[in-house]
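*Asks:* After the structure tokens below, expect a handful of questions from me.
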Ligand SMILES: NCc1[nH]cc(CCC(=O)O)c1CC(=O)O
Ligand SMILES: [Mg+2]
């Protein structure tokens, strides 16, 4: 039987218990359960809290007008045309979500081997940034920097003879970051995992006068199966040849994550990110403890899909699983979370007040 609304474990077999007299009390001085006896008591000793200030909401942009298309593997998530994304930005602003993140679904005809569309100042992301900033200048806008939404092969960088070129890719990423900054983006978030890209982007931003544009580095980004639904959403799932293991990190490593984060901080990152989220909470904790930097976690598409699918099947209480998963990031030391649940979580937090 599906347990939609989880019952406290002690309720489950209550019918079976036969109470024959009261057993003698245990001689316990310390009873940790005392601090859990009522909601007010639990609130009083609660160590971590999730607030709306912790949320960054990722949104997908698609060509068109008044268009919202569903993403099969991400129930509840849609690709939005520019006019519609402004409506979601409005929803974010009303919910007090501090920041939204933009990802494009690029028309296949605009994708090429070099990801040229990434540097087009009129590309979907740049259009969306301008439209959002015009109506809601006070909401933070984060733009992902990587070539995968724009390349015909679905990789984050340029390829030659099957190899991803590092330095040549960085040169393109710098141009991509500059067109996004020119469009009004507040936070540049390189997700490509090329070496040296944070420093190169920082230098270019500064030389162009974008001294206040922040960089949130996807510093410890792992080669993960949990990105599957995202690649559906941006339309690179079918075209991607091979995998990303020559640039994204091996999921077995954590020391390496610290070295990656250290480099990105030295190169000028204002904030660092660990990605994916839940399977890498240990990395979040180590990064936070080691560097004391603003540290973010990305609860990625696959994590969202797992919770949404199980909830839609009636196998878990989706709302509670969502809140529990988001609180876990806070417990691990994250200052904030990129999550597709952002609007639902913000709505729930509002009701709880
Ligand atoms: N480089 C692009 C990028 N930026 C964010 C994600 C994944 C986000 C998600 O799964 O929700 C990816 C996919 C990838 O690296 O293949
Ligand atoms: Mg790096």
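The values are calculated or read from the model by the stated rules, or taken from the named source; none is laboratory data. On a predicted model such as this, the values are computed, not experimentally measured, just so you know. Cβ sites come from the backbone with ideal geometry, for glycine too, and all protein chains shown count toward neighbours.
*Asks:* Can you tell me which condition residue 257 does not meet? The list is (1) within 19 Å of residue 336 (Cβ to Cβ); (2) in a loop (DSSP other than H, G, I, E, B); (3) within 13 Å of ligand 2 (Cβ to nearest atom), and all the others hold.
*Replies:* Looking at each condition in turn, residue 257 falls short on (2).
*Asks:* Test each condition in (1) without any contact (Cβ under 8 Å) to a residue 12 or more places away in the chain; (2) under 19 Å from residue 287 (Cβ atoms) for residue 335 and report the one that comes out false.
*Replies:* In the conditions (1) without any contact (Cβ under 8 Å) to a residue 12 or more places away in the chain; (2) under 19 Å from residue 287 (Cβ atoms), residue 335 misses (1) alone.
*Asks:* I'd like the full set of residues that are more than 16 Å from ligand 1 (Cβ to nearest atom), in contact (Cβ under 8 Å) with a residue 40 or more places away in the chain and closer than 26 Å to residue 136 by Cα, limited to the range 179-199. Break it down stepwise before answering.
*Replies:* Going residue by residue through the range 179-199, those that are more than 16 Å from ligand 1 (Cβ to nearest atom) are 179, 181-184, 186, 196, 199.
Of the ones still in play, those that are also in contact (Cβ under 8 Å) with a residue 40 or more places away in the chain are 179, 182-184, 186, 196, 199.
Once the filter is applied, which keeps residues that are more than 16 Å from ligand 1 (Cβ to nearest atom), in contact (Cβ under 8 Å) with a residue 40 or more places away in the chain and closer than 26 Å to residue 136 by Cα, the range 179-199 yields 179, 182, 183, 184, 186.
*Asks:* Out of the residues in the range 216-234 that are within 24 Å of residue 161 (Cα to Cα) and touching a strand residue (DSSP E or B) at 6+ places or on another chain (Cβ under 9 Å), which is farthest from ligand 2 (Cβ to nearest atom)?
*Replies:* First, the residues of the range 216-234 that are within 24 Å of residue 161 (Cα to Cα): 222-224, 231.
Those still in the list that are touching a strand residue (DSSP E or B) at 6+ places or on another chain (Cβ under 9 Å) too: 222-224.
Values: 222: 12, 223: 13, 224: 16 Å.
Restricting to residues being within 24 Å of residue 161 (Cα to Cα) and touching a strand residue (DSSP E or B) at 6+ places or on another chain (Cβ under 9 Å), the top hit is 224.
*Asks:* Report yes if residue 118 is touching a residue at least 12 places away in the same chain (Cβ under 8 Å), in contact with a helix residue (DSSP H, G or I) (Cβ under 8 Å, 6 or more places away or on another chain) and surrounded by fewer than 23 Cβ atoms within 10 Å (Cβ to Cβ), otherwise no.
*Replies:* On the way: touching a residue at least 12 places away in the same chain (Cβ under 8 Å): yes; in contact with a helix residue (DSSP H, G or I) (Cβ under 8 Å, 6 or more places away or on another chain): yes; surrounded by fewer than 23 Cβ atoms within 10 Å (Cβ to Cβ): no.
It is false that residue 118 is touching a residue at least 12 places away in the same chain (Cβ under 8 Å), in contact with a helix residue (DSSP H, G or I) (Cβ under 8 Å, 6 or more places away or on another chain) and surrounded by fewer than 23 Cβ atoms within 10 Å (Cβ to Cβ).
*Asks:* For the range 204-215, state whether one or more residues are assigned to a loop (DSSP other than H, G, I, E, B), touching a residue at least 60 places away in the same chain (Cβ under 8 Å) and away from ligand 2 (no atom under 16 Å from the Cβ).
*Replies:* No, the range 204-215 contains no residue that is assigned to a loop (DSSP other than H, G, I, E, B), touching a residue at least 60 places away in the same chain (Cβ under 8 Å) and away from ligand 2 (no atom under 16 Å from the Cβ).
*Asks:* For the range 76-104, enumerate the residues that are under 18 Å from residue 185 (Cβ atoms) and not in a helix (DSSP H, G or I).
*Replies:* At the first step, the residues of the range 76-104 found to be under 18 Å from residue 185 (Cβ atoms) are 80, 82, 85-86, 88-89, 92-93, 97-104.
Correct list: 80, 97, 98, 99, 100, 101, 102, 103, 104.
*Asks:* What pairs can you find where one residue is in the range 263-282 and over 17 Å from residue 196 (Cβ atoms) and in a helix (DSSP H, G or I), the other is within 11 Å of ligand 2 (Cβ to nearest atom) and modelled with pLDDT of 95 or more, and their Cβ atoms are less than 8 Å apart, with a gap of 6+ or different chains?
*Replies:* 280/220
*Asks:* Specify which of the listed residues (275, 238) is over 17 Å from the mean Cα position of the chain (by Cα) and within 22 Å of residue 58 (Cα to Cα).
*Replies:* The conditions single out 238.
*Asks:* Among the residues of the range 325-333, are any crowded, with 19+ Cβ neighbours inside 10 Å, outside any helix (DSSP H, G or I), within 13 Å of ligand 1 (Cβ to nearest atom) and at pLDDT 95 or above?
*Replies:* Checked the range 325-333: no residue is crowded, with 19+ Cβ neighbours inside 10 Å, outside any helix (DSSP H, G or I), within 13 Å of ligand 1 (Cβ to nearest atom) and at pLDDT 95 or above.
*Asks:* Those residues that are within 18 Å of residue 105 (Cα to Cα), surrounded by fewer than 24 Cβ atoms within 10 Å (Cβ to Cβ) and within 16 Å of ligand 2 (Cβ to nearest atom), I need them from the range 146-200; list them, please.
*Replies:* Listed by number, the list holds a single entry, 191.
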